[in-house]
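Enquirer: Handing you a structure now.
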Amino acid sequence: MQTLLNQSALNGSMPDRLPVTIARRTRRVYDIVAGVYPLSTMFFHSKAHRYALEVSGIRDGMRVLEVATGSGEMFRRLVQRNRSGTTVGLDISPNMAAKTQRDVCKDFPHAHARCQAVDARFLPFRDGCFDAVMCCYLLELLSQDDILRTLGEMRRVLKPKSMLTLVLIGQNTDLFNKAYKAAGTLVPAFWGRQIEQRVPDFLSRHGMNVQTDHVVRQGFYPSRILTARKHV
Ligand SMILES: C[S@@+](CC[C@H](N)C(=O)[O-])C[C@H]1O[C@@H](n2cnc3c(N)ncnc32)[C@H](O)[C@@H]1O
């Protein structure tokens with residue numbers, strides 16, 4: 001309760017519904033669903049993935065990082081686009097990371113691509129070593145402190161003037177928001193809670209400027225796609 005009050009006082013906004021880290025539970029839940037997760041991506045995320053890749057500015061020959069690959073559907077798109085570059089992926093769930101790595105090795109045996117089990121809050125890369133960072137549907141699962149830490153990490157590993165692309169769950173549909181809130185209350189480690197409306201402010205706190213901002217809908221499922229540039 002104290003944490004909730006402190007955070008809302010700091011933000012001057014409503015209390016965060018995910019005030020403490022539940023990363024360990026998130027890892028367990030996503031480990032369990034790794035085998036069937038591609039279905040969820042196909043039905044809800046594939047349109048936003050396609051759009052995000054188009055606005056990301058990612059071109060062949062770059063050094064690209066995807067944070068929270070899940071079962072690897074966006075990762076495959078990235079590797080396909082970046083045939084002669086290097087594509088690095090990570091996910092906190094070892095089963096998700098292993099599936100992503102296995103599938104990409106099978107389909108693109110000659111690509112410079114690897115995916116490992118890593119916690120996005122502590123990226124094991126030196127400053128400024130990536131030309132682009134992609135991150136889809138992760139921030140919903142992190143506490144506010146962890147969102148800020150993770151955005152800081154993604155910014156740190158980007159080269160100056162390079163772009164971060166974020167895909168977030170849209171908050172612009174009342175009925176969907178109600179359903180999402182109910183799902184998030186039942187299994188917070190899987191669903192988290194919607195946060196997209198606060199993300200532009202989080203980005204500007206890290207000195208990142210939003211460049212593009214689009215909403216894409218796949219059936220009843222809305223996604224918001226933001227690109228933001230690191231200044232220096
Ligand atoms: C909702 S899924 C999205 C997966 C994929 N990006 C997509 O677009 O379909 C969220 C993913 O974030 C991963 N994740 C959650 N917390 C993480 C953390 N702290 N570090 C890295 N990955 C994390 C989960 O294991 C899961 O695979």
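The values are calculated or read from the model by the stated rules, or taken from the named source; none is laboratory data. On a predicted model such as this, the values are computed, not experimentally measured, just so you know. Keep in mind that these areas ignore ligands, DNA and RNA; they rest on the heavy atoms of the full protein, side chains included. Shrake-Rupley method; radii C 1.70, N 1.55, O 1.52, S 1.80 Å.
Enquirer: Over the range 179-220, average the accessible area per residue using a 1.4 Å probe and give it in Å², no decimals. Walk me through the intermediate numbers first.
Expert: Numbers: 2230 Å² over 42 residues.
Roughly 53 Å² per residue, with all protein chains present.
Enquirer: Apply the membrane-span-like helix rule to the chain: whole DSSP H runs, Cα extent along the own long axis of at least 18 Å, mean Kyte-Doolittle hydropathy at least -0.5. List the helices found.
Expert: Details: long enough: 94-107 (20 Å, -1.17); 144-157 (20 Å, -0.74); 174-186 (19 Å, -0.11).
The qualifying helices are 174-186.
Enquirer: Run through the DSSP bridge list for the chain and note the antiparallel percent, rounded to the nearest 5.
Expert: On the way: 17 of 38 bridges.
Bridges in the chain are about 45 percent antiparallel.
Enquirer: Can you give me the Cα centroid spacing of the range 112-132 and the range 150-168 in angstrom?
Expert: Between the Cα centre of the range 112-132 and that of the range 150-168, the gap is 11 Å.
Enquirer: Can you tally the lysine pairs in the chain where the Cα-Cα distance is under 25 Å and the two residues are eight or more apart, or on different chains? Present the calculation step by step, with values, prior to reporting the outcome.
Expert: Details: 47/99; 47/106; 47/178; 47/181; 159/230; 161/230.
Lysine pairs, 8 or more places apart or on different chains, close enough: 6.
Enquirer: Could you please state how large a percent of the accessible area of the range 22-230 is carbon and sulfur, counting protein chains only and using a 1.4 Å probe?
Expert: On the way: 4990 of 9270 Å².
Answer for the range 22-230 is 54 percent, counting heavy atoms of protein chains only.
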